[in-house]
Amino acid sequence: KAGVTQTPRYLIKTRGQQVTLSCSPISGHRSVSWYQQTPGQGLQFLFEYFSETQRNKGNFPGRFSGRQFSNSRSEMNVSTLELGDSALYLCASSPQTGWGWGNTEAFFGQGTRLTVV
Amino acid sequence: AQKVTQAQTEISVVEKEDVTLDCVYETRDTTYYLFWYKQPPSGELVFLIRRNSFDEQNEISGRYSWNFQKSTSSFNFTITASQVVDSAVYFCALTLNQAGTALIFGKGTTLSVSS
């Protein structure tokens, strides 16, 4: 069974540009969550998508957005990139949303390392 | 507000030593879930354990054990007879049932095991 796949693995962008990251969850999983990991702030929740709807959102500016397709693949977009957006972006997938439906864990991908110069 | 504190930023041990990673959490909810994840240099987070708030039973899995104490809001992780392969960053995380699958992570503890 394939794991969570994130593409690309590495990305270098210039300030002011926009970027789109992709996440393919484990087959059959309907929930996809995104996290930003930086040395200063650690791991922070960005948003969760479940059945093509944003289920929950963390405390990030509107420049960060996402969407989910009917096959559960998800993309996140960051517009008007800032130097502080340089981070490892991790995607996690789960069969369902919430933890009362038999979800036992969130499965993480290897992340996309974004560098903004 | 919910919060997870991992006070130990870095720990260095020699192989075969036992090591305990501390995790203290804050929440006013009565139903919540606690996790430990391991992050090796490759970057992906590897699930270690999940514990429900209504289940305070401690757990042992091989060299790993977890001590969950609601009275002190702690969920500590002990590695017995550490090995070099245990070197990684370890994260404790908290989630609420109504928060979807959003995880609130601690800042992590970097464990270095030398031979």
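The values are calculated or read from the model by the stated rules, or taken from the named source; none is laboratory data. What you are looking at is a predicted structure, and each value in this text was computed from that prediction instead of being measured. Quick reminder, even Gly has a Cβ in these numbers, built from the backbone with ideal geometry, and neighbours come from all protein chains shown.
Numbers at a glance
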item: Any hit, the range B:16-30, residues being charged (D, E, K, R), away from every other protein chain (no Cβ under 12 Å) and assigned to a strand (DSSP E or B); result: yes
item: Index of the failed condition, A:Tyr49 passing every other in (1) in a strand (DSSP E or B); (2) under 14 Å from B:Gly43 (Cβ atoms); (3) touching a Lys or Arg at 6+ places or on another chain (Cβ under 9 Å); result: (2)
item: Subset tally (residues that are within 12 Å of chain B (Cβ to nearest Cβ) and of a type outside the set (A, V, I, L, M, F, W, C)) for the range A:50-65; result: 8
item: Test for A:Ser74: is it surrounded by fewer than 19 Cβ atoms within 10 Å (Cβ to Cβ) and of a type in the set (Gly, Ala, Ser); result: no
item: Of residues in the range B:16-68 being surrounded by 13 or more Cβ atoms within 10 Å (Cβ to Cβ), of a type in the set (Ser, Thr, Tyr) and under 21 Å from B:Ala1 (Cα atoms), the one farthest from the chain's Cα centre (by Cα); result: B:Thr31
item: Considering residues of the range B:101-112 that are buried (at least 19 other Cβ atoms within 10 Å of the Cβ) and more than 8 Å from chain A (Cβ to nearest Cβ) only, the residue nearest to B:Gln8 (Cα to Cα); result: B:Thr109
item: Options B:Thr110, B:Thr101, B:Thr20, B:Thr5: the member that is modelled with pLDDT under 95, β-branched (Val, Ile, Thr) and in contact with a strand residue (DSSP E or B) (Cβ under 7 Å, 6 or more places away or on another chain); result: B:Thr101
item: Among the residues listed as A:Thr115, A:Thr20, the single one being of a type in the set (S, T, N, Q), touching a residue at least 12 places away in the same chain (Cβ under 8 Å), more than 11 Å from every other protein chain (Cβ to nearest Cβ) and in contact with an Asp or Glu (Cβ under 7 Å, 6 or more places away or on another chain); result: A:Thr20
item: Qualifying residue in the range B:75-83 (condition: β-branched (Val, Ile, Thr), farther than 22 Å from A:Trp99 by Cα, surrounded by 20 or more Cβ atoms within 10 Å (Cβ to Cβ) and touching a helix residue (DSSP H, G or I) at 6+ places or on another chain (Cβ under 7 Å)); result: yes
item: Selected residue [in a loop (DSSP other than H, G, I, E, B), within 14 Å of chain B (Cβ to nearest Cβ) and over 15 Å from A:Phe107 (Cβ atoms)] from A:Gly3, A:Gly40; result: A:Gly40
item: So A:Arg113, is it under 19 Å from B:Asn97 (Cβ atoms), in a strand (DSSP E or B) and of a type in the set (Lys, Arg); result: no
item: Residue match in the range A:78-90 (condition: assigned to a strand (DSSP E or B), over 10 Å from the mean Cα position of the chain (by Cα) and not hydrophobic (A, V, I, L, M, F, W, C)); result: no
item: First in the range A:78-97 and within 12 Å of chain B (Cβ to nearest Cβ), second anywhere and among the charged types (D, E, K, R), Cβ under 6 Å, 6 or more apart; result: A:Leu88/A:Arg113; A:Thr97/A:Arg55
item: Strands (runs of 3 or more DSSP E) completely within the range B:42-100 that count 2 or more residues being away from chain A (no Cβ under 14 Å) and in contact (Cβ under 8 Å) with a residue 60 or more places away in the chain; result: B:74-79
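Okay, residues lined up against (1) modelled with pLDDT of 95 or more; (2) closer than 22 Å to B:Tyr90 by Cβ; (3) buried (at least 19 other Cβ atoms within 10 Å of the Cβ); (4) aliphatic (A, V, I, L, M):
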{"residue": "A:Lys1", "(1), (2), (3), (4)": "no, no, no, no"}
{"residue": "A:Pro8", "(1), (2), (3), (4)": "yes, no, no, no"}
{"residue": "A:Gln18", "(1), (2), (3), (4)": "yes, no, no, no"}
{"residue": "A:Val32", "(1), (2), (3), (4)": "yes, no, yes, yes"}
{"residue": "A:Pro39", "(1), (2), (3), (4)": "no, yes, no, no"}
{"residue": "A:Leu43", "(1), (2), (3), (4)": "yes, yes, yes, yes"}
{"residue": "A:Phe50", "(1), (2), (3), (4)": "no, no, yes, no"}
{"residue": "A:Phe64", "(1), (2), (3), (4)": "yes, no, no, no"}
